[in-house]
Amino acid sequence: MKEKLIFDYTRPGKTGVLCSGPAGSPERHLPADLIRKDYANLPEVSEVETVRHFTRLSQLNYGVDSGFYPLGSCTMKYNPKINEKTASLEGFAGLHPMIPDSLAQGALRLICELQEYLCRITGMQACSLQPAAGASGEFTGLLMMRRWHQVKGTAHKNEIIIPDSAHGTNPASVALTGFRVVEVKSNSQGWVDIEALKQVVNENTAGLMITNPNTLGLFDGNIRQVADIIHAAGGLVHYDGANLNAIMGKCRPFDMGFDIVHMNLHKTFSTPHGGGGPGSGPVTVTKELRDFLPGPIAARSGDSFFMDHDLKHTIGKVTGFHGNFAVMVKAYTYIRMLGSAGLKAASETAVLNANYLLKLLDQHLKRDFPQFCMHEFVLSGRELPNGVHTLDIAKRLLDYGYHAPTIYFPLIVKEAIMIEPTETESLETLDAFASTMVRICEEAAANPELLKQAPVSTPVRRLDEVNAARKPVLCA
Amino acid sequence: MAYIPLTASDREQMLRKIGVASVDELFSDIPEDLRLKSFDWLPPSDERETLSILKGLAEANRAAAEAPCFLGAGAYDHYIPAAVDAICSRSEFYTAYTPYQPEVSQGTLQAIFEFQSLICALTGLAVSNASMYDGPSALGEAVLIASSYTKKQKVLYAESLSPVYLAVVRTYLESGSIELIPVKTARDGRVDPSDLSSKLSADTACLVLQNPNFFGVIEDGAALKKILGPTMLVVCADPNSLGLLAPPGSYGASICVGDCQPLGLPMSFGGPYAGYLAVSNDLMRKLPGRIVGRTVDCDGKTGFVLTLQTREQHIKREKATSNICSNQALCALRSTIYICLLGKTGLKNVSCACLDKAHRMAEAACKNKGFSLRYTSPFYKEFVLDCPSNAAKLAEEVFNRFGILAGVPLSRFNPQDSNGLLISVTEKRTGDEIVGLSAALAQVAGGLK
């Protein structure tokens, strides 16, 4: 441990920031049995010690600003600084969520316009920004399907089809919403196997959830046919927008036949990931599904804006208030900066960067799919010599000052290494990363111990995860 | 401005290397009929223009800085120390992803471990996870835990539970077979013990109790737990109150949830906030979401990792305890720093100041003719003021004439409740603001009659 716990800095009597003076004895207002017997066991530390403690902790971290972060499926693009500035404007940050609409016109306008922008990008006709993250967007889409089938008198439909390449959240969301998961195979091209799909579609098919480009980084050219098959069975089709960064301005989920789309503002629209959140997972839908959205949604009436609670079949609320508003401000700022042409350029460049990097690496690691990739690609470490695994490559990259790619996902590629450079990286960065990867592959042949012992230059080395789970210590 | 650092010659070089003539060729897997012909609907703007657009939007709102804010109902105008913003602006924290590579994520991991420890200290429970989307979704997950652990389908909830929370819980339960059964609020504003007794049965999974409840009233948790006996108690608590009030673990709660917004998070029109979720030891493996644990590295050095991951979606897929795959790490970090800065006595002082000022506000408001407190039980930083006329109109008029955000009219949640105004008083409200609101209410009520 490079930095001791904040509790270890405690010296009785110390305090950091005073937010209020002593307010007199609480017993004047409350009976003693409602009051804590002892102080909560919280740290007693000065402001400067607290600041230094957390500054030192920050220095043990690696962010996009620290260096290249090719984490596949996570779209770790640069987070523009203007976003942070706009989201912290007092008129946004100090705004109470229960304020009357008339006193929040700027916020409602922003929400309404962001809803409209996301509809433009996805081709859909209505939007709710309420879901808090991607998984919350999946949950929302699936509940809408559920409600849709109840309203249409097809409530017996209880199966959701997902490809075997799907993110783990997809099946987990399906289970959480009371549906049964039916998996469909991918074909040798990495696309949904149409024959296999026809085999699993039946009277109980409620819908399908799919990412396109899929988690192999490939655009499924049969997508329209996939959607048609599901529609013919009376099901709905949900677009998992995890990979939307590949297609903005190139094609739209609506034209592919989707009914519901969820996006990740923290991936595609440059809002920072925060070390694991907050994100934001808006949902856009066709006009037929508008009334099923989680409400309220922002709407216009002439020059003024209001929260529309009048959604006949709404699934209800998925977060307490309006969703992660400050994240929306950042995404809105980004879209205003780029404009539509900039969004398209972002996707085109993300795809260019990925194909370039793929070209530099595919002679050194196993590549299963010959076609062009989209914004990311998957290679495999399964043919590495000397018992070296994908994990070892990832850990060795840390020694070279990079964040590791996503590894062991998607599950259908053994020893997968999933790389997503994003559009915000320079040619120099891509070249330097590629030469490092090539060098690591050479090390795997010549001196495999370098990889198996890695990392050696990080604040801690490989950690004992087995014992951490067997004898959990979760609290100081 | 798309933040693309490639020059035209870079692009040419890259295309040549790939072996294509244009970027469009890379998109050849997209069928012709799906390709967009045009995508031109918003001009770009430079940074200065964008900032000006956003400033215009921000200024079209009435933020708490310009209008004394007595609004609460789940989001509160507490003071946020400058050091919270300063530390959270460090990009090593905010531009990182979920700590999948623990060797280069010890900062996030240790901060979460400290967060978990602080939540345990505040709630009096043994285990906390790394945080949830917000308080309401944490409560939704808590109810699922209670039902899954007890294998029982009936969930009692106090009617004094926030309607904001209840709405989200209903959504979480939408697809399952769990039945939500309300328990009445007595005239004093607390859970009606006889109604609780009559609704308790062998099929009851738990009682969901908000404490302080939606109306600000402090419940007698110990007395209710006595009635519940072995039935599980799930408490939803404002964590800022726990510097002062008895921790839910001390009166028998097995699960405690709430929203961290009052611990250093700006109101931001409703989010992002962070939910916290703490449980007793026996429920540890039922927890949803991320959990950080302490361990050692191969050199024996102490470090932190995401742990108990076999509960989670990326391993268990459809058999996971939840679909959640993120936490609100940056928000949880804010709360961690907030608690550390205030510390043991500072947090209690804030709690006491809220308590004291809320009582001063109540006393002043009730001196006005026609105004009275709805409930007689002890309250914390919020209370329901019964007004002599329509509370929504009254609040609107108080804002229009005096520029004060007077409170949340309860008609927002229950159209029949036209006279109730939920007033929230944090440590930020000054004596002048309290006197000002009281006077404004009196004047406006006089005028409206």
Checklist line | Checklist (1) within 7 Å of another protein chain (Cβ to nearest Cβ); (2) surrounded by fewer than 21 Cβ atoms within 10 Å (Cβ to Cβ); (3) not basic (Lys, Arg) applied to B:Ile4, failing item | finding: (2)
Item checked: Any pair with Cβ under 7 angstrom, 6 or more apart, that starts in the range A:63-81 at a residue that is outside any loop (DSSP other than H, G, I, E, B) and ends at one that is β-branched (Val, Ile, Thr) and at pLDDT 95 or above -> A:Leu71/A:Thr406
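Just checking, how many residues over the range B:57-86 are part of a loop (DSSP other than H, G, I, E, B) and over 16 Å from B:Tyr273 (Cβ atoms)?
10
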Checklist line | Any chance B:Glu318 is free of Cβ contacts under 8 Å to residues at least 40 places away in the same chain and touching a strand residue (DSSP E or B) at 6+ places or on another chain (Cβ under 8 Å) | finding: yes
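In the range B:70-98, how many are under 30 Å from A:Val456 (Cβ atoms) and more than 7 Å from chain A (Cβ to nearest Cβ)?
Count: 0.
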Note to self: Being facing another protein chain (nearest Cβ under 9 Å), more than 27 Å from the chain's Cα centre (by Cα), at pLDDT 95 or above and in a loop (DSSP other than H, G, I, E, B) is the requirement here; does A:Val473 meet it?
What the structure shows: yes
Next item on the list: Confirm whether B:Gly436 is assigned by TED's automatic domain parsing to the domain that holds B:Leu373, farther than 23 Å from B:Val217 by Cα and either in contact with a Pro (Cβ under 9 Å, 6 or more places away or on another chain) or of a type in the set (Phe, Trp, Tyr) (or both).
Entry: yes
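Filter the range A:261-278 down to the residues that are assigned to a loop (DSSP other than H, G, I, E, B) and either touching a strand residue (DSSP E or B) at 6+ places or on another chain (Cβ under 8 Å) or at the interface with chain B (Cβ under 7 Å from one of its Cβ atoms) (or both) and list them by number.
Of everything in the range A:261-278, those that are assigned to a loop (DSSP other than H, G, I, E, B) and either touching a strand residue (DSSP E or B) at 6+ places or on another chain (Cβ under 8 Å) or at the interface with chain B (Cβ under 7 Å from one of its Cβ atoms) (or both) turn out to be A:Met263, A:Pro272, A:His273, A:Gly274, A:Gly275, A:Gly276, A:Gly277, A:Pro278.
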Notebook entry, point to check: Restricted to the range A:88-132, and to residues that are among the hydrophobic types (A, V, I, L, M, F, W, C) and part of a strand (DSSP E or B), which residue is nearest to the other protein chains (Cβ to nearest Cβ)?
Noted result: A:Ala104
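Conditions (1) charged (D, E, K, R); (2) at pLDDT below 95, marked per residue:
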position: A:Leu129; (1), (2): no, no
position: A:Thr140; (1), (2): no, no
position: A:Leu176; (1), (2): no, yes
position: A:Lys198; (1), (2): yes, no
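Conditions tested, residue by residue: (1) out of contact with any Gly (no Cβ under 7 Å at 6 or more places or on another chain); (2) surrounded by fewer than 23 Cβ atoms within 10 Å (Cβ to Cβ); (3) touching a residue at least 40 places away in the same chain (Cβ under 8 Å).
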residue	(1), (2), (3)
A:Ala93	yes, yes, yes
A:Asp101	yes, yes, yes
A:Ala104	yes, no, no
A:Arg109	yes, yes, yes
A:Glu113	yes, yes, yes
A:Leu118	yes, no, yes
A:Thr122	yes, no, yes
Next item on the list: Considering each residue of the range B:42-69, count those that are facing another protein chain (nearest Cβ under 7 Å), in contact (Cβ under 8 Å) with a residue 24 or more places away in the chain and farther than 16 Å from B:Met267 by Cβ, and give that number.
Entry: 2
Margin query: Give me the strands (runs of 3 or more DSSP E) completely within the range B:263-344, filtered to those with at least 1 residues that are surrounded by fewer than 24 Cβ atoms within 10 Å (Cβ to Cβ), ordered by residue number.
Written below: B:292-296, B:302-306
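The values are calculated or read from the model by the stated rules, or taken from the named source; none is laboratory data. All figures in this text were calculated on a predicted structure; none of them were measured in a lab. Ideal geometry is used to build each Cβ from the backbone, glycine not excepted, and the neighbour counts take in all protein chains shown.
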